[in-house]
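S.K.: Questions regarding the structure given below will be posed in turn.
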Amino acid sequence: MLTKKQSELLLFIHERLAEGGVSPSFDEMKEALNLRSKSGIHRLITALEERGFLRRLPHRARALEVLRLPDRQMAAATADGTRNDRRGADEAVAETALPFRPPLMRADRSPAARAAGALSLPMVGRIAAGNPIEALSDTSQFAEVPGHMVGPGNHYVLEVTGDSMVDAGILDGDLAVIRQCDTAENGAIVVALVEEGEATLKRLRRRGASVALEAANPAYETRIFGPNQVKVQGRLVGLMRRYG
């Protein structure tokens, strides 16, 4: 699940590497995606790297390696050596590039959950413990959650991807139990909706009029936003881990 811009950048880098074996420069990427600054390219590359689509090769300038492409783009690239037309790629992305809206659903108890003292919560998608990705509001799946993790209010579950919150004990593949809310105290780990389109799991820090989304891994940078660019969608209240 990539945003339109993330997909466009990944395909552009893939094409340039296929053509000449050399990554495009930041200026070339900025021009190709019609962005106003190279900082936007940096954010996109970081997001792609954290999600396992791209790798920066150390000690080499302009050295990027495409590790994989999204499923539909991969099929198109395999068919003709690179990809089909840009419009087709955009359409493929459009199906998954949906803004995150938590479901207004209270915890439900199935008979099995009641017997085990657990609650059945909607599992609404995946969220990045890294740079933002889309979380999909799909309430067709449910997760059984220990009752002690759930207090008053609406709750839901998200699957974590990425490793930028490992120092907070949050690992790739964990299930995050979220209490739906639109405010949180300074330092809380929250689901943050960034610029109305992407959701991420981060520690919230307020710095004057700015909002910082802070990773719990020194390999990742803290991202700073204006007060109207970030909306709290929920607060982390529990974590579940699957083994095997």
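S.K.: Considering the range 178-196 alone, what residues qualify as being open to solvent by 20 Å² or more (accessible area, probe 1.4 Å) and farther than 25 Å from PRO146 by Cβ?
M.R.: The answer is ASP182, THR183, ASN186, GLU195, GLU196.
S.K.: Does the range 2-34 hold any residues that are on the phi > 0 side of the Ramachandran plot and under 25 Å from the mean Cα position of the chain (by Cα), and which are they? Walk me through how you get there before you give the answer.
M.R.: So in the range 2-34, the residues on the phi > 0 side of the Ramachandran plot come out as 21, 34.
Once the filter is applied, which keeps residues that are on the phi > 0 side of the Ramachandran plot and under 25 Å from the mean Cα position of the chain (by Cα), the range 2-34 yields only ASN34.
S.K.: For the range 13-26, give me each residue that is open to solvent by 10 Å² or more (accessible area, probe 1.4 Å) and closer than 29 Å to ASN217 by Cα. Don't jump to the end; show me each part of the working.
M.R.: We begin by selecting, within the range 13-26, every residue open to solvent by 10 Å² or more (accessible area, probe 1.4 Å); these are 14-22, 25-26.
Of everything in the range 13-26, those that are open to solvent by 10 Å² or more (accessible area, probe 1.4 Å) and closer than 29 Å to ASN217 by Cα turn out to be HIS14, SER25, PHE26.
S.K.: Just give me the residues in the range 36-52 being in contact (Cβ under 8 Å) with a residue 12 or more places away in the chain and not small (Gly, Ala, Ser), in sequence order.
M.R.: LYS38, ILE41, HIS42, ARG43, LEU44, ILE45, THR46, LEU48, GLU50, ARG51
S.K.: For the structure I just gave you, tell me whether GLY234 is in contact (Cβ under 8 Å) with a residue 12 or more places away in the chain, within 21 Å of GLY151 (Cα to Cα), in contact with a helix residue (DSSP H, G or I) (Cβ under 7 Å, 6 or more places away or on another chain) and of a type outside the set (Val, Ile, Thr). First the steps, then the outcome.
M.R.: Working: in contact (Cβ under 8 Å) with a residue 12 or more places away in the chain: yes; within 21 Å of GLY151 (Cα to Cα): yes; in contact with a helix residue (DSSP H, G or I) (Cβ under 7 Å, 6 or more places away or on another chain): no; of a type outside the set (Val, Ile, Thr): yes.
Spelling it out, it is not the case that GLY234 is in contact (Cβ under 8 Å) with a residue 12 or more places away in the chain, within 21 Å of GLY151 (Cα to Cα), in contact with a helix residue (DSSP H, G or I) (Cβ under 7 Å, 6 or more places away or on another chain) and of a type outside the set (Val, Ile, Thr).
S.K.: For the range 148-163: of the residues being touching a strand residue (DSSP E or B) at 6+ places or on another chain (Cβ under 8 Å) and within 18 Å of GLU49 (Cα to Cα), which is surrounded by the most Cβ atoms within 10 Å (Cβ to Cβ)? Before the answer, list the steps.
M.R.: At the first step, the residues of the range 148-163 found to be touching a strand residue (DSSP E or B) at 6+ places or on another chain (Cβ under 8 Å) are 149-151, 153-162.
Subset that is within 18 Å of GLU49 (Cα to Cα): 160-162.
Working: VAL160: 23, THR161: 19, GLY162: 26.
Going through the qualifying residues, I end up with GLY162.
S.K.: When you look at ALA219, is it small (Gly, Ala, Ser) and either open to solvent by less than 50 Å² (accessible area, probe 1.4 Å) or free of Cβ contacts under 8 Å to residues at least 24 places away in the same chain (or both), yes or no?
M.R.: Numbers: small (Gly, Ala, Ser): yes; either open to solvent by less than 50 Å² (accessible area, probe 1.4 Å) or free of Cβ contacts under 8 Å to residues at least 24 places away in the same chain (or both): no.
Here the answer is no, as ALA219 does not meet what is asked.
S.K.: Separate question: Within the bounds of the range 6-20, is there any residue that is modelled with pLDDT under 85 and not in a helix (DSSP H, G or I)?
M.R.: no
S.K.: Quick one: which residue in ALA128, ALA168, ALA92 is within 30 Å of GLN6 (Cα to Cα), open to solvent by less than 60 Å² (accessible area, probe 1.4 Å) and at pLDDT below 80? Full working, then the answer.
M.R.: Details: ALA128 fails: at pLDDT below 80; ALA168 fails: at pLDDT below 80.
The conditions single out ALA92.
S.K.: Right, here's the next one. I'd like the full set of residues that are surrounded by 15 or more Cβ atoms within 10 Å (Cβ to Cβ) and assigned to a helix (DSSP H, G or I), limited to the range 27-46. Before the answer, list the steps.
M.R.: Step one: of the range 27-46, the residues surrounded by 15 or more Cβ atoms within 10 Å (Cβ to Cβ) are 28-30, 32-33, 35, 40-41, 43-46.
Once the filter is applied, which keeps residues that are surrounded by 15 or more Cβ atoms within 10 Å (Cβ to Cβ) and assigned to a helix (DSSP H, G or I), the range 27-46 yields GLU28, MET29, LYS30, ALA32, GLY40, ILE41, ARG43, LEU44, ILE45, THR46.
S.K.: Also: Based on this model, can you work out whether GLU65 counts as farther than 22 Å from LEU201 by Cα and modelled with pLDDT of 75 or more?
M.R.: Working: farther than 22 Å from LEU201 by Cα: yes; modelled with pLDDT of 75 or more: yes.
The answer is yes for GLU65.
The values are calculated or read from the model by the stated rules, or taken from the named source; none is laboratory data. What you see is a predicted model, and the numbers here were worked out from it, not measured in a lab. No Cβ is skipped: glycine too gets one built from the backbone with ideal geometry, and neighbour counts run over all protein chains shown. Ligands, DNA and RNA are stripped out before the accessible areas are found, and what is left, the full protein with its side chains, is counted by its heavy atoms. Shrake-Rupley method; radii C 1.70, N 1.55, O 1.52, S 1.80 Å.
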